[in-house]
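The block underneath contains the structure these notes are about, expressed in structure tokens.
The values are calculated or read from the model by the stated rules, or taken from the named source; none is laboratory data. Predicted, not measured: the structure shown is a model, and the values here were computed from it. Backbone-built Cβ (ideal geometry, glycine too); neighbour counts: all protein chains shown.
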Amino acid sequence: MNKIGCNQLIGQLNWRYATKQFDPQRKISAEEWATLEEALVLTPSSYGLQPWKFVVVTNPAIREQLVTVSWGQRQVADASHLVVFAIQKDLSEQHIDSHLNRVSEVRGVPRESLGQYREMMVGGLVKRLGEAERNAWATKQVYIALGNFLTSAALLGIDACPMEGIDTAKYDEILGLEKHGLSAVVAAPAGYRAETDKYSQAKKVRFAREQVLVRV
């Protein structure tokens, strides 16, 4: 197993920041982007249900449209790549069954042996929660994926910016997400910082360790 060093990890986390200006001329290599996509696929989720889709927006014209519904923030158009993190709305028993079918396929276990696991998920998510609560649960899962994406990008020396400052309803409309039962939550452009981005030189501001770590 390959391990990165402690200093390397902390160094990259200190290096990363929410990039405000991207260099539109610099592109992420195909190999590195494939690695980031695989990192997204490997994101953990509650029950392993993965109630999300990661929408990679490649059409330049569409990305320009998204600028207007992102408070004019140019990152969504200027970055090398753009990912929109969307939830699968109103999670149903069908989604749970799809997950269990995949578990059976990958692990080689009989589908019927997963019946108790199915009952637990259906009872906890579908029967106990209303649609709004299920969507809120799925949204929390999406932020796990976002954090994984930001950290993975930093370890590869790739800049990224988490963006909640978007009109999610307009994103759904422009990207045609509604017809697929999806809804945008947050966006993350990725690429390389522009030399003119003054924030790249700003010191990282965090509370002191003793203020945020509680030992019991």
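Listing for the model above:
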{"quantity": "Some residue of the range 126-149 being in contact with a Lys or Arg (Cβ under 8 Å, 6 or more places away or on another chain) and closer than 30 Å to E31 by Cβ", "calculated": "no"}
{"quantity": "Selected residue (criterion: surrounded by the fewest Cβ atoms within 10 Å (Cβ to Cβ)) from residues of the range 164-216 that are farther than 28 Å from T68 by Cα and charged (D, E, K, R)", "calculated": "R215"}
{"quantity": "Whichever residue in the range 6-26 is in contact with a helix residue (DSSP H, G or I) (Cβ under 9 Å, 6 or more places away or on another chain) and assigned to a loop (DSSP other than H, G, I, E, B) and, among such residues, is surrounded by the most Cβ atoms within 10 Å (Cβ to Cβ)", "calculated": "T19"}
{"quantity": "Conditions (1) in contact with a Lys or Arg (Cβ under 7 Å, 6 or more places away or on another chain); (2) among the polar types (S, T, N, Q); (3) buried (at least 17 other Cβ atoms within 10 Å of the Cβ): number failed by S152", "calculated": "(1)"}
{"quantity": "Residue within the range 68-86 that is farther than 19 Å from L150 by Cβ, β-branched (V, I, T) and in contact with a Lys or Arg (Cβ under 6 Å, 6 or more places away or on another chain) present", "calculated": "yes"}
{"quantity": "Some residue of the range 91-99 being modelled with pLDDT of 95 or more and touching a strand residue (DSSP E or B) at 6+ places or on another chain (Cβ under 9 Å)", "calculated": "yes"}
{"quantity": "Matching entry among W52, W15, W33 (being among the aromatic types (F, W, Y) and either within 30 Å of S92 (Cα to Cα) or touching a Phe, Trp or Tyr at 6+ places or on another chain (Cβ under 6 Å) (or both))", "calculated": "W52"}
{"quantity": "Test for Q50: is it touching a strand residue (DSSP E or B) at 6+ places or on another chain (Cβ under 8 Å) and farther than 30 Å from P24 by Cα", "calculated": "no"}
{"quantity": "Cβ-Cβ under 7 Å pairs, at least 6 apart or on other chains, the range 194-215 side within 21 Å of I158 (Cα to Cα), far side among the charged types (D, E, K, R)", "calculated": "A194/D23; D197/K20; Y199/K20; S200/R193"}
{"quantity": "Of all residues in the range 27-46 being hydrophobic (A, V, I, L, M, F, W, C) and either in a loop (DSSP other than H, G, I, E, B) or in contact with an Asp or Glu (Cβ under 8 Å, 6 or more places away or on another chain) (or both), the one that is farthest from L156 (Cα to Cα)", "calculated": "L42"}
{"quantity": "Candidate set: the range 126-159, residues that are acidic (D, E) and under 27 Å from Y47 (Cβ atoms); chosen: the one nearest to the chain's Cα centre (by Cα)", "calculated": "E133"}
{"quantity": "Long-range neighbours under 6 Å by Cβ, at least six apart or interchain, first residue farther than 18 Å from I87 by Cα and touching a residue at least 60 places away in the same chain (Cβ under 8 Å) within the range 149-176, second among the aromatic types (F, W, Y) and in a loop (DSSP other than H, G, I, E, B)", "calculated": "D159/Y192"}
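Yes/no matrix, rows are residues, columns are (1) at pLDDT 95 or above; (2) more than 20 Å from F22 (Cβ to Cβ); (3) of a type in the set (D, E); (4) over 17 Å from the mean Cα position of the chain (by Cα):
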position: C161; (1), (2), (3), (4): yes, no, no, no
position: E164; (1), (2), (3), (4): yes, no, yes, no
position: D172; (1), (2), (3), (4): yes, yes, yes, no
position: E178; (1), (2), (3), (4): yes, yes, yes, yes
position: G181; (1), (2), (3), (4): yes, yes, no, yes
position: V185; (1), (2), (3), (4): yes, yes, no, no
position: S200; (1), (2), (3), (4): yes, no, no, yes
position: A208; (1), (2), (3), (4): yes, yes, no, yes
position: V212; (1), (2), (3), (4): yes, yes, no, yes
